[in-house]
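Accompanying notes for the structure given below.
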Amino acid sequence: MVVQMMEQLTQEKTLDKDSEHEKKRNAEKNDKVIKLGVAFSTTMVPSSSALSKNRNRSAYSEVLERLKKDFYQRWDRKSVSSSSGLDEFLKIKTLGTGSFGRVILVKHKENSKDAYYAMKCIEKLRIMKLKQIEHTLYEKKISESIRFPFIISLDFAFKDNSYIYFVMPFINGGEMFTHLRRMRRFTEVLSRFYAAQVLLALEFLHYCDILYRDLKPENILIDHKGYLKIADLGFCKIVKGRTWTLCGTPEYIAPEIILSKGYGKAVDWWSYGVLLFEMNAGYPPFTSSDPMKVYERIITCRYKCPGTFSTELQDLIKNMLQLDLSRRFGNLRNGTQDMKNHRWFKDTDWLALYNRQIEPPFKPAIKSVADTSNFDPFDEETIRISDHDLYKDEFEKF
C-alpha cells in the first residue's frame, strides 16, 4: 500500500514550478495591511514583562480575527475575470516557467513608470490535462482575498481564449532558493528572520482555515527591503476538518500525506520543519536521487542535523518533524505559541516583525525596480492565442 501511494505521489506535480524545482535541485493595491502601531501604543511595557506579552498576544488575536473577517468578505464576493486585459501590459521578460505555463515581468502601459508586475500565464489546455481546475480557481480566489504582509496578493485577473492571467506585484529580490544556493546555507540569524515571517504567514492562513501545502524555498520571494512574500497559492485549500488530496513537493511532503491517512493543518508545520532544516543546512533533511527512498526516509523520520546547528535549532526541528501528530509543534493545545515561545525565537519581536519594523539581516542586490538579475534566465516564447474560446464552460467561474 505504501509503495503504491509513493508511486502515485511521484506523479503529482505542483502547478507552478515542480518541473523547474526538480531541475534546480538537480544541476498591497487595495485593502492595505492592518498596522499594529496604534493598537499596541497604549499597551507596550518592557518586553520582559509577562503582562506585556499577554496583552500583545490578545491584541494580535484581535487583529487576526479582523484579518480573517476581511478575508471572507472578499472571498464571498462574486468576481469573474475580464475577458480582456493582455493588451494593457507590456511584456518584458520571462521570470519563470513550469508545467502550468510561465511567469512574465510586465509593465502596465497606463500607470506610472514604476508599475511593474509579475504576470502568471496559465494555459487552459494544460490545466485541463493536469485536472487542476479546482486548484487554480482556489489560487485565484484566495490570492485576490488575502491581505497579509508576508503573502503575495492578486492585483488583476483576466482571461482570453487560451489562457487565464494572474497579475501580482513584482518582487524583484528573487526566490529564497536562489539566495540559498548562492550562500550555500543561511546563518541562523537570517534563517530565524525568515522563519519568523513564514510562521506568521502560516498562522494567518490556518486562522482562516486555509492549508498551504506547498512550502519550499522556491515558493518564497524576497523583496527589495529584505522581507519575504510567500507565493504560489495553487495548492491552498479551505479545510475545516481533514482532506485526502495527494499533493506537494517530495522532500517537503508530510508522512500522513504519503500514508494517505487524511490530514489537516499539521502538514504545513511538518513542511515548516523541513524548511528550517534546509535554510540552515543548505539541503533538506530527507533527500535521495531516488524519490522512493525520500518517501521511505520521511515516513520513518530518518535524518541527521549538521554539527553547525545550535542546540536550540535542533530542538525546534525535532519538535516540528514529529511523526506523532500529538507531539508535533503547531498541532498542540498552544498552537503557534509553542514555536513563538521556543528559545530559538527568544529574541524575536513578533509585533515589530509583523509591522516590518526590523532591519533585515540581508537585502538583495537590486539596481532598479525592474531589475531581474535575481532570477534565472529563460528562453522567450510567444503567447499564442486561439481563435476559439477554449473550454468556455469549464472556466466560466474564472
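The values are calculated or read from the model by the stated rules, or taken from the named source; none is laboratory data. From a predicted model like this one, the values you see are computed outputs, not experimental measurements. Note that each Cβ is placed from the backbone with ideal geometry, even for glycine, and that neighbours are counted across all protein chains shown. For accessibility, only protein heavy atoms count, side chains too; no ligands or nucleic acids. Shrake-Rupley method; radii C 1.70, N 1.55, O 1.52, S 1.80 Å.
A few remarks follow.
- Screening Lys93, Lys107, Lys113 for residues that are within 17 Å of Asp371 (Cα to Cα), touching a Ser or Thr at 6+ places or on another chain (Cβ under 6 Å), open to solvent by 10 Å² or more (accessible area, probe 1.4 Å) and outside any helix (DSSP H, G or I) leaves exactly one candidate, Lys93.
- Flag for Glu312 being exposed (fewer than 13 other Cβ atoms within 10 Å of the Cβ) and among the charged types (D, E, K, R): no
- Being assigned to a helix (DSSP H, G or I) and of a type in the set (Phe, Trp, Tyr) holds for only one residue in Tyr303, Tyr283, Tyr295, and it is Tyr295.
- Residue within segment 259-281 that is open to solvent by 60 Å² or more (accessible area, probe 1.4 Å), charged (D, E, K, R) and modelled with pLDDT of 95 or more present: yes
- Pair list, Cβ < 6 Å and 6+ apart or interchain, from segment 119-138 residues that are closer than 25 Å to Lys107 by Cα to residues that are part of a helix (DSSP H, G or I): Thr136/Ile127
- Any chance Arg77 is basic (Lys, Arg) and open to solvent by less than 50 Å² (accessible area, probe 1.4 Å): no
- Cβ-Cβ under 8 Å pairs, at least 6 apart or on other chains, segment 67-86 side aliphatic (A, V, I, L, M), far side open to solvent by 90 Å² or more (accessible area, probe 1.4 Å): Val80/Glu396; Val80/Lys397
- Which listed residue, of Gln337, Gln357, is loosely packed, with under 13 Cβ neighbours inside 10 Å and of a type outside the set (Val, Ile, Thr): Gln357
- Residues being closer than 22 Å to Ile151 by Cα and either open to solvent by 40 Å² or more (accessible area, probe 1.4 Å) or assigned to a strand (DSSP E or B) (or both) are entirely absent from segment 83-90.
- Residue within segment 366-382 that is closer than 29 Å to Gly264 by Cβ, buried (at least 17 other Cβ atoms within 10 Å of the Cβ) and among the hydroxyl-bearing types (Ser, Thr, Tyr) present: no
- Matching entry among Leu228, Leu221 (being open to solvent by 10 Å² or more (accessible area, probe 1.4 Å) and more than 23 Å from Glu134 (Cα to Cα)): Leu221
- Checking each residue in segment 231-244 for being of a type outside the set (Asp, Glu) and either crowded, with 22+ Cβ neighbours inside 10 Å or touching a strand residue (DSSP E or B) at 6+ places or on another chain (Cβ under 7 Å) (or both) picks out Ala231, Leu233, Gly234, Phe235, Cys236, Lys237, Ile238, Val239, Arg242, Thr243.
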